[in-house]
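The structure under discussion appears below in the form of structure tokens.
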Amino acid sequence: MQEPTILIVEDEADLANLLKVSLQKEGYKLIHIANSIDKAWSSFQQVKPDIVLLDVMLPDGEGYDLCRRIREVSHIPVLFLSAKNEEIDKILGLAIGGDDYITKPFSPKEVAYRVKAHLRRAGYQIQETTTTTQIKTIQVGPFVLNSDETEVHKDGTLLELTAKEIGLMACFMHNPNRILSKETLFERVWSEDFFGSDNTVMVHIRRLREKIEHDPSKPVYITTVKGLGYKLVVPKEPQT
């Protein structure tokens, strides 16, 4: 059987790319992204996907409408992604032909495993490309970064971070107790030249602190080193 093709319909670019990375980690290679109903329908006709991840709220309409159009010509799995978490919304999504309804915020890895489960039922099986011994997490103090760098836990609780915030945490956790300049953080996380993007980094650091610090105004984990940048402080283990 040929390799399955996946279509992601999501207008939040960071989230779409995060989902793509998670799916690639699971061995899927034929992944297409569309950010509107019109573009998604065009891609659907061109690439003939085997499964669709479909956001409900899109710039040019609701994903429900696209699902109805897909159901007129195909029975492939359609998985809704939505910030609408009321029971009536879930019922509507399933009633019009959706196979699954995943509410935001969600774990990209969970979505990837749901995709795998639906494709397995449809007869697709991806050969595993990694072994258990190759999969490692990174732990720094109370924080744990998963192997594909799509999730961060603090004290065992999943943090609801954006893609950029996860990228910042990954930079810090790969370089604990080391000062990272704003230039370095921007170029690694945004994959662009810095060009004086101080405010962008500062805003994202502030938002990240609001999610990981007990008191964001007095950070103990991500500290500012005046004139140099930021660093992730790793608490020293007590001497025994």
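Values in this text are rule-based calculations from the coordinates and carry no lab data. Computed from a predicted structure; not experimentally measured. Cβ atoms come from the backbone with ideal geometry, glycine included; neighbour counts cover every protein chain shown.
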- Item | Prolate/oblate/rounded call for the range 21-68, Cα gyration tensor, a/c under 1.5 rounded | prolate
- the range 138-193: trypsin sites (Lys or Arg not before Pro) in DSSP coil with no more than 14 other Cβ atoms inside 10 Å: 178
- Message: Just to confirm the filter: which trypsin sites (Lys or Arg not before Pro) across the range 1-83 are DSSP coil and have at most 13 other Cβ within 10 angstrom of their Cβ?
- Response: 29
- By how many nm would the segment from residue 211 to residue 120 lengthen if fully extended, with 0.36 nm per residue of separation less the alpha-carbon distance? 29.1 nm
- Please work out the Kirkwood hydrodynamic radius for the chain, using every pair of different C-alpha atoms, and report it in angstroms with one decimal place. 19.7 Å
- Note on the structure: Whole-number value, in Å³ per residue, for the convex hull of the alpha carbons of the range 1-115 is 93 Å³
- Item | Stokes-Einstein D for the range 135-174, Kirkwood Rh over Cα pairs, 20 °C, 1.002 mPa s (µm²/s) | 218 µm²/s
- Item | Calculated from backbone phi, Karplus (6.51, -1.76, 1.60) coupling profile of the range 143-156 in Hz, x at Gly/Pro | 9, 10, 9, 6, 4, 9, 6, 10, 9, 10, 10, 10, 6, x
- Query: GluC sites (Glu not before Pro) within the range 67-110: which are DSSP loop residues with at most 14 other Cβ atoms inside 10 Å?
  - Reply: 72, 86
- Query: Once fully extended, how much extra length lies between residue 104 and residue 60, figured as 0.36 nm per residue of separation less the alpha-carbon to alpha-carbon distance?
  - Reply: 13.9 nm
